[in-house]
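S.K.: Right, I'll just put the structure down here and ask away after.
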Amino acid sequence: MSQIRDGPRTVKAVETSIEVIQYLRDSDGSRLHEVADELGLANSTVHQHLSTLVEDGFVVREGDTYHVGLEFLQVASYARNRTKANKVSRSIVRKTAEKTDEQAQFIVEENGRGYHVYTYPLDRERAIDTRPGKRIYLHANAAGKSILAHLDEERVHEILDRWGMPPITENTITDRDELFAELERTRERGYGYNREEHVLGYCGVAAPVTDQNDTVVGALAIGGAKHRFEGELMDERLPEQILEMANEFELQLKFS
């Protein structure tokens with residue numbers, strides 16, 4: 001279910017609370033005994049965790065069913081607006097979508113995974129989940145590869161060692177040497193491609209966004225149905241447009 005951290009000195013009680021929250025999220029709400037059965041814990045242990053989470057607003061009880069609470073909205077809002085890049089991304093993502101007539105996203109790397117910060121419009125591509133906060137593997141999409149291409153090689157190896165390279169679709173790159181060759185091509189082009197590597201029938205183009213220190217802070221991406229991402233549009237027009245918008249993004253970061 002969840003992936004508990006590999007590092008030393010973790011706190012078991014905190015890990016358990018996180019697993020409880022993740023299960024409530026994934027199950028769209030559950031009863032106490034269902035949580036206990038899923039996690040292999042005693043009902044009394046789960047009750048203690050749920051009671052604490054309810055008291056602090058992170059879980060809400062509706063009858064016999066527990067759900068993730070709205071207190072997370074406050075925490076999530078802070079996390080999303082904590083950096084300048086995330087704040088700037090809202091207007092840039094919207095402008096990119098309007099310019100390309102495709103769904104646009106801003107994705108950042110944190111702890112070796114990619115997170116959707118902003119997506120516009122949200123309901124454009126129903127085949128893929130791009131809601132804010134959605135976590136993704138970096139090796140299997142255009143934005144992730146654009147970010148990896150601008151990290152040092154040691155950091156990329158650390159990410160791959162921790163999270164692996166699972167085959168999300170039959171087109172996902174799962175060989176490390178092949179991925180590094182693709183990252184080199186991505187650096188040379190200045191943008192990355194997603195050719196049905198994350199969801200079959202879905203393609204995309206993304207460019208890295210760097211700050212005033214030339215540190216990559218995320219990637220600006222556009223994506224859509226495969227039948228629209230072909231030929232000149234995929235090879236020339238969309239890459240030109242995403243590079244133009246990524247450059248505008250960087251100018252706002254550096255000079256605003």
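Nothing in this text is a laboratory measurement; each read-out follows from the coordinates by a stated rule. Just so it is clear, the model here is predicted, and its values are computed rather than measured. Positions of Cβ are backbone-derived with ideal geometry, glycine not excepted, and every protein chain shown enters the neighbour counts.
S.K.: Could you tell me how many degrees, from 0 to 90 and to the nearest 10, lie between the Cα long axis of helix 153-163 and the main elongation axis, the longest principal axis, of the Cα atoms of the chain?
M.R.: Compared with the principal axis, the helix lies near 40 degrees.
S.K.: Counting other beta carbons within 10 Å of each residue's own, what order do Ser44, Ser27, Ser146 fall into, fewest first? Walk me through the numbers on the way to the answer.
M.R.: Numbers: Ser44 9, Ser27 16, Ser146 32.
Listing Ser44, Ser27, Ser146 from fewest to most nearby Cβ atoms yields Ser44, Ser27, Ser146.
S.K.: Using helices alone, what [θ] at 222 nm do you get for the chain, with -39,500 (n - 2.57) per DSSP H run of 4 or more residues, divided over all residues and rounded to the nearest 500?
M.R.: -14000 deg cm²/dmol
S.K.: What is the gain in length, in nm to one decimal, between Glu110 and Arg94 on full extension, counting 0.36 nm per residue of separation less the C-alpha to C-alpha distance?
M.R.: Between Glu110 and Arg94, full extension yields an extra 3.5 nm.
S.K.: Let me ask something else. I'd like the orientation of helix 176-189 relative to the chain: the angle between its Cα long axis and the longest Cα principal axis, in ° from 0 to 90, rounded to 10.
M.R.: The helix 176-189 is inclined about 50 degrees to the chain.
S.K.: Below 8 Å, C-alpha to C-alpha, sequence gap of six or more: please give me the relative contact order for the stretch 156-220 in percent.
M.R.: Computed over the stretch 156-220, the figure is 22 percent.
S.K.: So what is the relative contact order of the chain, in percent, for Cα pairs below 8 Å that sit 6 or more residues apart?
M.R.: Reported as a whole number, the value is 15 percent.
S.K.: Could you work out how much longer the chain between Ile18 and Gln74 gets when fully extended? Use 0.36 nm per residue separation minus the Cα distance between them, nm to one decimal.
M.R.: Here the answer is 18.4 nm.
S.K.: Let me ask something else about it. State which entries of Lys87/Lys134; Lys87/Lys226; Lys145/Lys226; Lys12/Lys145; Lys95/Lys254 exceed 22 angstrom in Cα-Cα distance in the structure shown.
M.R.: Lys87/Lys226; Lys12/Lys145
S.K.: Kindly put Arg82, Arg94 in sequence by how many other C-beta atoms sit within 10 Å of each C-beta, fewest to most.
M.R.: Arg82, Arg94
S.K.: Another question about this same structure. Give me the net charge of Ser77's neighbourhood, meaning all other residues with Cβ under 15 Å from the Cβ of Ser77; Lys, Arg count +1, Asp, Glu -1.
M.R.: The answer is +4.
S.K.: Another one. Working out 0.36 nm times the residue gap between Arg25 and Leu251, then minus their Cα-Cα distance, what length gain in nm do you get to one decimal?
M.R.: On the way: separation 226, 0.36 × 226 = 81.36 nm, distance 3.79 nm.
77.6 nm is the gain from fully extending Arg25 to Leu251.
S.K.: Moving on to the next point. Please compute the volume of the convex hull spanned by the alpha-carbon atoms of the stretch 39-147 and report it per residue in Å³. List each step's numbers first, then the result.
M.R.: Values: hull volume 17.3 nm³, N = 109.
It comes to 158 Å³ per residue, whole-number rounded.
S.K.: Let me ask another. How far is it, in nm, from the label point at Ser44 to the one at Asp64 when both lie 7 Å from their Cα along the line to the Cβ?
M.R.: Label-label distance for Ser44 and Asp64, simple model: 2.2 nm.
S.K.: Which of Met234, Met245 comes first, and how do the rest follow, when ranked by fewest Cβ neighbours within 10 Å?
M.R.: Final ranking by Cβ density, sparse to dense: Met234, Met245.
S.K.: Please work out the FRET efficiency for the pair Val11 and Asp56, using the Cβ-Cβ distance as r and a Förster radius of 22 Å; give the result to the nearest 0.05.
M.R.: Working: r = 17 Å, r/R0 = 0.75.
Efficiency, rounded to the nearest 0.05: 0.85.
S.K.: Nearest 10 degrees, 0 to 90: what angle lies between the long axis of helix 12-27 and the longest principal axis of the chain (Cα atoms)?
M.R.: Tilt relative to the chain: about 70 degrees.
S.K.: Separate question: What is the dipole size for the stretch 12-69, taken about its Cα centre, with +1 at each Lys and Arg Cβ and -1 at each Asp and Glu Cβ, in debye to the nearest 20? Walk me through the numbers on the way to the answer.
M.R.: Details: 4 positive and 11 negative charges, 25 e Å.
Charge dipole of the stretch 12-69: 120 debye, to the nearest 20.
S.K.: In whole percent, what relative contact order does the stretch 34-148 give with Cα contacts below 8 Å and a gap of six or more residues? Before the final figure, lay out the partial values.
M.R.: Values: 122 pairs, mean separation 15.3, N = 115.
For the stretch 34-148, the relative contact order is 13 percent.
S.K.: Further question on the same structure: Can you find, among Thr130, Gly114, Leu251, the residue sitting farthest towards the positive end of the charge dipole of the chain, where Lys and Arg contribute +1 and Asp and Glu -1 at Cβ?
M.R.: Leu251
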